[in-house]
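Worksheet: one structure, shown below.
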Amino acid sequence: MALKQLSSNKCFGGLQKVFEHDSVELKCKMKFAIYLPPKAETGKCPALYWLSGLTCTEQNFITKSGYHQAASEHGLVVIAPDTSPRGCNIKGEDESWDFGTGAGFYLDATEDPWKTNYRMYSYVTEELPQLINANFPVDPQRMSIFGHSMGGHGALICTLKNPGKYKSVSAFAPICNPVLCPWGKKAFSGYLGTDESKWKAYDATHLVKSYPGSQLDILIDQGKDDQFLSDGQLLPDNFIAACTEKKIPVVFRSQEGYDHSYYFIATFITDHIRHHAKYLNA
Amino acid sequence: MEEEAGEAPGLGRPAAPKDFHFYHVDLYDSEDRLQIFPEGNTRMRREVVQAEMTNEPRAAVKEKAPRDLEEEVDELVHLYGLEDDHELGDAFVDESMPRIEVSEYPPYGMMGREAAREQRDWRLSGEEANAEDLGLGGWGSADQCQDLREAYRYTHGRASEEYECYVIPEEEDEDEAADVFCVTCKTPVRALEVSDEHKEHEVTPLHKALESAKDEIHKNMYKLEKQIIEMENFASHLEEVFITVEENFGRQEQNFESHYNEILETLAQKYEEKIQALGEKKKEKLEALYGQLVSCGENLDTCKELMETIEEMCHEEKVDFIKDAVAMADRLGKFLKTKTDVEISTQPDFDDQTLDFSDVEQLMDSLNTIPAPSAPVINPQAPNSATGSSVRVCWSLYSDDTVESYQLSYRPVRDSSPEKDQAEFTMTIKETYCSVTNLVPNTQYEFWVTARNRAGLSPASERAVYMTAPSPPTIKSREIRSCEEAALICWESGNLNPVDSYTVELSQAEAPGASGVTESVVGIPTCECLVQLQPRQSYIIYVRALNVGGPSARSQPATVHTTGSYFHLNEHTCHPWLTISEDGLTVVRSERRAPASELLSSDTRFTRCVAVMGNLIPVRGRHYWEVEVDECLDYTVGVAFEDVPKQEDLGANHLSWCMRHTFASSRHKYEFLHNKTTPDIRITVSPKKIGILLDYENSKLSFFNVGLSQHLYTFSCQLHQFVHPCFSLEKPGCLKIHNGISMPKHVTFY
């Protein structure tokens, strides 16, 4: 598990780095970005994992969201992995932007030909944290997760499937109920097969219904002018209804005028970093 | 020591060589040296002296003793082959006498002079000691004893010390040192001797006896040192008394001199007056007598002339005689008719004049007394000398006045005092000060004082106005507001008249490190004070009122906890449909409603939305409080400026920020309202307790679900003025406010 540093830039007193390593789960070279705040020079810091949305690499978040200042102030190590295996030479992996490369959906595929490489769920919940814990000054007991869109979906399912593993979770415009939206149907049928009952294991709204109830505090921001919201890709209302029923605490903020872009993320990223810092630094 | 010896000449004690006076006992205090006196010699000497003392009058003994002792010394000198050592001989003579005196008074010596007795006993066998006691029993009269005791007193101390001195030269003669000490005989003995003479006696090693003897001597020295110090103190005290006596008598001498001079002058004047009056009287009398004498002579002349004329007539012719005789008869008849005054007009003795010495008598009388004192000077009121019910009045007088007592009078000063008959109080005081009690707080009193002695009463002093301290204020405990950094204390003056200022005293309660430290905030002009405090402490607060007279007593204490922010609901803002609980922290809206027509629009009282405002301390910082709500209740909580329009809903203007919950058709709606707008926020779990964080520094107002530590919303608001918490109930129900609680950690992230 040799790490290869691809870049390192000083940012708000800390360092924004990008590494490459050979992933065991994904059986390919994977890049990830990691921000080490100034505090990491002297001690272990909590780790906050960011999962990006469709088509993204590790670069989008670190270049566009402007999270560094808040992460620096709160002393959080922020890890942003890529969104899918790359260069696996699977037929059709690059055919569409919402499936295959850049669209791993943070699940472990069970269908050929994807099941060998497309194990993003295991990658982000197991392999990557182990790699990070082993190589960086982070406190393994304190980690949280958040993401955008498909990454928001990833953050929610990772949390809901692992009660207690993450101290907190938040999401920007997450895909809340993938089994019911076009993106989810396409991806889940591709990666998991046609048995829709298996899909529920990767559906946040369904996972909430069976969530055993470890304390959670979910923060979700959603732009009101998000085209994918109106396209029915995100379906947050279903998730909120489920949470209301199951009394899972959610603060869902509909932000007037904001779309699905990183401009929207950049606007509220500080709130989300603080949300996680509250639980990670408590 | 030398002086004492000098004062006892009766002992006939030869002057001791000075060299011997101050040898310290310690230097020579080994008992074995004493042992060098041959026992027989000691006994013999004692017998001689005792014989003389019992057979002869005491005075004789005293004269003879030295002589006898000289003989003894000669004997000793002879015994030791030291005839040439005259110094030694002198020393013997010097010391023998006192030593004998010591020996004769064992009872005296036993009274706290144990050491002396012990020393003596070393030289005397038990037998001799008994003989001594007996000797004393049959010894002279009581005053003899007394005299001798006195003599003893002079010489005793030195006897024991100097006794040691004269043995020094013998040191080298020691051949066989004594090595044990016979306690019974109080003598050092050689171990060999123990077998025979002392075999039944208690014997201790010599060094132990030595140590105990040393201890004894040290104790005595300590006593002496103490006595010296005491005597020195006494002497300096005597000096002071000496000076005082001189001064006092000097003053009295002057007093007498001036009085006697006055009397003498008066008498001289009287003498002059009397002499002059006497001379005048004499002159008058003499003149009168002289006048009488003259007229008497004249009469005599006339008579003689008449006689002569008549005789001449008898020798004349008959005719002439008849003629003349007729004329003569007429003339004679006339003359005889005039009375001859032979009464003495003036008596030779002078009139009995009474001498008036009354004024002199008065002067004589006043000779022993003193003049009446002059008016005392009353001092102005000393700062902080008054209490609420008393003032301490001080005055002084001219130093040479003698005063037996003062009369202090006072009366309250009233601005509206047309009636001069204000009650006056007078008291008699010995000192030049008086604490006048039972006065009315915060009131001015006029004081004046007169001094009195046997000669009479002085004029009254000037009048001085003193003021009693105010009554203690009353802290309005219910209106105390606090936060982590400060508290706002309000109080009632407790005084009808204005006071000068107030002082707030605060001390940390149950602070082990800083117990007893009291801080004061002084010079507060109003009945309100914002005091800076340390966070998360308990303070006990007192207030005092101050005026020129001083501070009042402390008010009743109030306790302030600087944990979180603490406020009460302001009843003046309360919508009539709301009731506030006794503790001021629960708002209830009951089902029953008063008709809306009753409500008049008001600047202070909410008239439209059924709300009430809390009184938050006006401190820019962070304030946190919580509100317990019912999940199904429609409520609004938040903050508003004091001048928020009371006839508008909270959040309906730019002067209020609030969170509103409405529950309709089993849906919870949460709005975060400011200026009628709210963000679109959905909350999946209804809070049962809402935390509200007001942060002036960051211009933020945040709401939390306390149970979940969940952040709900944060307003960014420009708070130019101070805001107050607001609570509104849109439906019947109640809101319970929790304040004075520390800020949970999770809220510090917002």
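The values are calculated or read from the model by the stated rules, or taken from the named source; none is laboratory data. The model shown is predicted, which means the values in this text are computed figures rather than measured ones. Cβ coordinates were reconstructed from backbone atoms using ideal geometry, including for glycine residues, and neighbour counts include every protein chain displayed. Calculation scope for accessible area: heavy atoms of the full protein, side chains included, ligands and nucleic acids excluded. Shrake-Rupley method; radii C 1.70, N 1.55, O 1.52, S 1.80 Å.
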Could you work out, residue by residue across B:677-690, how many beta carbons of other chains sit within 10 Å of that residue's beta carbon, and then give the average as an integer? 5
Can you tell me the mean projection area, over all orientations, of the convex hull of the stretch B:376-467's alpha carbons? Units nm², please. 6.2
Hand me the GluC sites (Glu not before Pro) from the stretch B:268-342 located in a DSSP loop with no more than 14 other Cβ atoms within 10 Å, in residue order please. B:GLU316, B:GLU317
Quick one: Debye curve from the alpha-carbon atoms of the stretch B:474-562 only, equal weights, vacuum; give me log10 I(q)/I(0) at q = 0.21, 0.26 Å⁻¹ to two decimals. -0.96, -1.37
Pull out the extension gain between B:SER295 and B:GLU265, defined as 0.36 nm times the separation in residues minus the alpha carbon to alpha carbon distance; nm, one decimal. 6.2 nm
Scan around B:MET659 for amide H atoms under 5 Å from its own, H built in the peptide plane at 1.01 Å from N, and keep only partners 5 or more places away or cross-chain. B:VAL637, B:GLY638, B:LEU673
Summed buried accessible area for B+A [probe radius 1.4 Å, Å², rounded to 100]: 1800
If Rh is defined by the Kirkwood formula over all Cα pairs and Rg also comes from Cα, what ratio Rg/Rh do you get for the stretch B:214-337? 1.93
Counting only DSSP beta bridges with both partners in chain A, the antiparallel fraction in percent, to the nearest 5, comes to 50
With a probe of 1.4 Å, find how much accessible area chain A has per residue, and write the answer as a whole number in Å². 37
Using a 1.4 Å probe over the heavy atoms of the protein chains, calculate the carbon and sulfur portion of the accessible area of the stretch B:184-284 as a whole percent. 56
Check: C-alpha center the stretch B:447-520 vs C-alpha center the stretch B:632-699, spacing in Å is 47
Scale the Cα Rg of the stretch B:535-680 by the rule-of-thumb value 2.2 N^0.38 Å and send over the ratio, two decimals. 1.31
Determine the per residue accessible area of the stretch B:474-562 with all protein chains present and a 1.4 angstrom probe, expressed in square angstrom. 50
Filter the GluC sites (Glu not before Pro) in the stretch B:603-659 down to the DSSP loop ones having no more than 14 other Cβ atoms within 10 Å, then list what survives. B:GLU631
Rg (one decimal) and Dmax (whole number) from the Cα set of chain A, in Å, equal 17.3, 50
Amide H of A:GLY223: which non-local residues (sequence gap of 5 or more, or other chain) have their own amide H closer than 5 Å, using H built in the peptide plane? A:ALA173, A:GLN255
Once the whole set of protein chains is in place, how much accessible area is left on A:THR194, using a 1.4 Å probe, in Å² to the nearest 10? 120
Report which residues of the stretch A:219-248 become buried by 40 Å² or more of accessible surface when going from the isolated chain to the complete set of protein chains (1.4 Å probe; DNA, RNA and ligands ignored). A:LYS247
Take every Cα-Cα distance within the stretch B:628-750, group them into 5 Å bins from 0 onward, and report for each bin the whole-number percent of pairs it holds. 2, 11, 22, 25, 22, 13, 4, 0, 0
Label model pair B:THR302, B:ALA509: point-to-point distance (7 angstrom along the Cα→beta-carbon line) in nm is 12.9
Among the lysines, which fall within straight-line cross-link reach of B:LYS323, defined as a Cα-Cα distance under 29 Å, with same-chain neighbours fewer than 8 residues apart omitted? B:LYS304, B:LYS334, B:LYS337, B:LYS339
May I ask you to evaluate 6.51 cos²θ - 1.76 cosθ + 1.60, the Karplus curve with θ = phi - 60°, for each residue of the stretch B:278-293 and list the ³J(HN,Hα) values in order in whole Hz, giving x for glycine and proline? 5, x, 5, 4, 4, 4, 4, 5, 4, 4, 4, 5, 4, x, 5, 4
Would you list which lysines come within 24 Å of A:LYS209, measuring only between C-alpha atoms, while excluding same-chain residues fewer than 8 positions from it? A:LYS161, A:LYS165, A:LYS167, A:LYS185, A:LYS186, A:LYS198, A:LYS200, A:LYS246, A:LYS247, B:LYS669, B:LYS688
Just subtract the alpha-carbon distance of B:SER389 and B:ARG667 from 0.36 nm times their residue separation and send over the number in nm, one decimal. 93.3 nm
For A:SER210 and A:LYS186, compute 0.36 nm times the residue count separating them, minus their Cα-Cα distance, and round to one decimal in nm. 6.2 nm
Pop a pseudo-label 7 angstrom from the Cα along the beta-carbon direction at both A:GLU20 and B:SER716 and give the gap in nm to one decimal. 4.1
Over the whole of B:703-715, what's the average partner chain Cβ count within 10 Å per residue? Rounded to a whole number, please. 3
Extending each Cα 7 Å along its Cβ direction at A:GLU111 and B:PHE234, get the distance between those two points in nm, one decimal. 12.4
